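Enquirer: There's a structure below that I have some questions on.
The values are calculated or read from the model by the stated rules, or taken from the named source; none is laboratory data. Note that the structure is a prediction, hence the values are computed from the model and not measured. A quick note on method: Cβ atoms are made from the backbone with ideal geometry, for glycine too, and the neighbour counts reach across all protein chains shown. Areas reflect the complete protein model, heavy atoms only, side chains present, ligands, DNA and RNA absent. Shrake-Rupley method; radii C 1.70, N 1.55, O 1.52, S 1.80 Å.
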Amino acid sequence: MTSTDAPAAIAPAPPVLAEVVRSGFTEGHHRGSLVLLAADGSVERTLGDPDAPVFPRSSNKPMQAAAILRAGLELSGERLALAAASHSGEPFHLELVAKMLAEHGLSAADLQTPPDLPLDPVAAEAYLTAGNVRERITMNCSGKHAAMLAVCVRNGWDTATYLDPAHPLQFLVGQVVAEAAGEPVAAVGTDGCGAPLMAIGLTGLARAFRSFVLAEPGSAERRVADAMRAHPEYVAGTRRPDTWLMTEVPGTLSKMGAEAVQAVALADGRALAFKIDDGSVRALGPVLARALELLGVDAPVVSRIGRAPLLGGAAEVGEIRAKF
C-alpha cells in the first residue's frame, strides 16, 4: 500500500442484542440485526442492518408450504402445519409424517433428510431409551420433505431430484419467497435438511410473515398461516416458544430458524424479524420477548419466552437478557 492509498473501510460491528450476565459480571454479548414493522407495514424500528440478506433457515418454511399448495397439493389442518414445521420429533409428529408419506405411496426411505435424533431433548432421550437410532423421518424437517415429495407425486415430477434448485417445485418456492418478501432472492444455498435455501433481508422476512396473516382467506398464504396458528404444536412441539406464542397470543404467526433467526407477525399486521449473528439460540428467547414488548404485546407468555437463566452448579447465578 502506498502513502496515498486510503485504508479500507471497516464495517461497524452489529449492535448488541443480548448480554450474558453471570454473578453480576457481564461475560459475553450476542450481536445482530432486528426490524419491527407497524400494523400498516411501515418500519417502526431497526437495529443493525435488517436489509442485508440472510438465510432465514426454517423461517422460510411458511413460504415453502405455500409453494406446495400453489403446486396443487391438497393439504389442510395438522398436515399443512407439519409441512411448515421444524417439529420436535415427538411421537405424534413422527406418526403423522409416516401417514402423509403412505397416503401418497411413499415411505421414509424416499426422504432425503439427513438421519437425526428428535430435536426436543426430552423426546430424544425417550427415543434413545427405547433403543432407536437416527432416522431420516426423525429429522425436524421431515414433514416439509414429506409434503414436497407428495406434491411431486401429484404432479408427476421426479421425486429423486426434489431437492435440486432447478426442480420445478424449488423454482416455485423461489418465486413465492421473492413475492412474499417484496424483494428478489439474493442468494441460494443449501439448508441443513438439504433443501434449497433462499436469502432475503430481515425486513423482507417480516414483510413476508405480515403478508401471510393479512392474505385473503382461501389463498395459499392464508391457508398456511391459519393451519400453523390452529395447530402450533405441529409447527414446533409441546415445549417450544413458537407453540407457546401462537397458542397464547391469538392470531400470531411465529417461526424460528436455525442460526438464531426469528420471524413473527401479529393478527393486525405488526411484525418482527431478527437474526443473532453468532447463531446462538440461547439468546433467541430474551431478544424475542423484548421485541414483542416493543410491539406492544402484553401477555404472560412474553416473560416465559424471555426467561434464560444461567446456572452455577445447581443454582441460578445469572441470566441472558436483551440489551435494547
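Enquirer: Rounded to a whole number of µm²/s, how large is the Stokes-Einstein D of the stretch 130-186 at 10 °C and 1.306 mPa s, given Rh as the Kirkwood radius over C-alpha pairs?
Expert: Diffusion coefficient, whole number: 121 µm²/s.
Enquirer: Next question, about the same structure. For the chain, list the cysteines whose Cβ sits under 4.7 Å from no other cysteine Cβ?
Expert: So far as the 4.7 Å Cβ criterion goes, CYS152 stand without a partner in the chain.
Enquirer: OK, next. Which log10 I(q)/I(0) values, to two decimals, does the stretch 162-219 give at q = 0.16, 0.20, 0.26 Å⁻¹ under the Debye formula with one point per Cα?
Expert: -0.52, -0.77, -1.05
Enquirer: Let me ask something else about it. If you wrap the stretch 44-132's Cα atoms in a convex hull and average its projection over all directions, what's the area in nm²?
Expert: 8.9
Enquirer: How fast does the stretch 233-289 diffuse by Stokes-Einstein, in µm²/s, taking the Kirkwood radius from C-alpha pairs at 20 °C and 1.002 mPa s?
Expert: 185
Enquirer: Which cross-chain or sequence-distant (5 or more) residues have an amide H under 5 Å from the amide H of LYS323, H modelled 1.01 Å from N in plane?
Expert: ALA18, GLU19
Enquirer: Taking Cα pairs under 8 Å and at least six residues apart, what relative contact order does the stretch 75-189 come out at, in percent?
Expert: 26
Enquirer: Then there is this: If you place +1 on the Cβ of every Lys and Arg, -1 on the Cβ of every Asp and Glu, and leave all else neutral, what size is the dipole of the stretch 1-135 about its Cα centre, to the nearest 20 Debye?
Expert: 100
Enquirer: So, one more: Angle between the Cα long axis of helix 168-181 and the longest principal axis of the chain, 0 to 90 degrees, nearest 10?
Expert: Once rounded, one gets 40 degrees.
Enquirer: If you don't mind, another one. When the chain is fully extended, how far beyond the present Cα-Cα distance does ALA130 get from GLU319, taking 0.36 nm per residue of separation?
Expert: 64.6 nm
Enquirer: For LEU37, which sequence-distant residues (separation of 5 or more, or a different chain) have an amide H within less than 5 Å of its own amide H, given hydrogens modelled in the peptide plane?
Expert: Here GLU44, ALA271, LEU272 satisfy the definition.
Enquirer: What are the equivalent ellipsoid semi-axes of the stretch 255-324, built from the alpha-carbon gyration tensor (square roots of five times its eigenvalues), in whole angstrom, biggest first?
Expert: Over the Cα atoms of the stretch 255-324, the ellipsoid semi-axes are 23, 15, 9 Å.
Enquirer: Where does the stretch 1-153 land on Rg/Rh, using Cα atoms and the Kirkwood Rh?
Expert: Rounded to two decimals, Rg over Rh is 1.15.
Enquirer: Ratio of alpha-carbon Rg to the 2.2 N^0.38 Å globular estimate for the chain, to two decimals, please.
Expert: Computed over Cα atoms of the chain, the ratio equals 1.01.
Enquirer: Contact order normalised by length for the stretch 1-93, with contacts defined as Cα pairs under 8 Å and 6 or more residues apart; what percent is it?
Expert: Reported relative contact order: 15 percent.
Enquirer: Quickly estimate the mean residue ellipticity at 222 nm for the chain, helices only: each DSSP H run with n ≥ 4 gives -39500 (n - 2.57), and the total goes over all residues, rounded to 500.
Expert: -10500 deg cm²/dmol
Enquirer: Which of the peptides 19-29, 39-49, 192-202 is most tightly packed, and how do the rest follow, judged by the mean count of other Cβ atoms within 10 Å per residue?
Expert: Order by mean packing, descending: 192-202, 39-49, 19-29.
Enquirer: Hey, another quick one. Extending each Cα 7 Å along its Cβ direction at SER280 and ARG307, get the distance between those two points in nm, one decimal.
Expert: That separation, rounded to one decimal, is 2.1 nm.
Enquirer: With the radius of gyration and the Kirkwood radius both derived from the Cα set of the stretch 190-287, what is their ratio Rg to Rh?
Expert: Checking Rg against Rh, the ratio lands at 0.95.
Enquirer: Continuing with this model, one more query. Using a 1.4 angstrom probe on the protein heavy atoms only, line up PHE92, PHE212 by accessible area, largest first.
Expert: Of PHE92, PHE212, the descending order of accessible area is PHE92, PHE212.
Enquirer: To the nearest 0.05, what FRET efficiency results for ILE10 and GLU95 with a Förster distance of 51 Å applied to their C-beta separation?
Expert: So the FRET efficiency works out to roughly 0.45.
Enquirer: Another question, if that's okay. Mind checking the per residue accessible area of the chain for me, 1.4 Å probe, whole number of Å²?
Expert: 42
Enquirer: Here's another thing I want to ask about it. Using amide H atoms built in the peptide plane, which far-off residues or other-chain residues are under 5 Å from GLU135 H to H?
Expert: ASP116
Enquirer: Next question. Along the charge dipole of the chain, which of VAL122, VAL297, VAL97 sits closest to the positive end, that is, farthest toward it, with unit charges on the beta carbon of Lys, Arg, Asp and Glu (+1, +1, -1, -1)?
Expert: Toward the positive end, the furthest listed residue is VAL297.
Enquirer: On the accessible surface of the chain, probed at 1.4 Å, how many percent belong to carbon and sulfur atoms?
Expert: Taking all protein chains in place, the chain shows 54 percent carbon and sulfur surface.
Enquirer: Just check the stretch 88-236 against the gyration tensor rule for me: Cα atoms, a ≥ b ≥ c as the square roots of the eigenvalues, rounded for a/c under 1.5, and otherwise prolate or oblate depending on whether a/b exceeds b/c.
Expert: prolate
Enquirer: Hey, another quick one. Would you kindly derive the ³J(HN,Hα) couplings of the stretch 113-122 from the backbone phi angles with the Karplus curve 6.51 cos²θ - 1.76 cosθ + 1.60 (θ = phi - 60°), listing them in order in whole Hz, with x for Gly and Pro?
Expert: 6, x, x, 7, 9, x, 5, 6, x, 5
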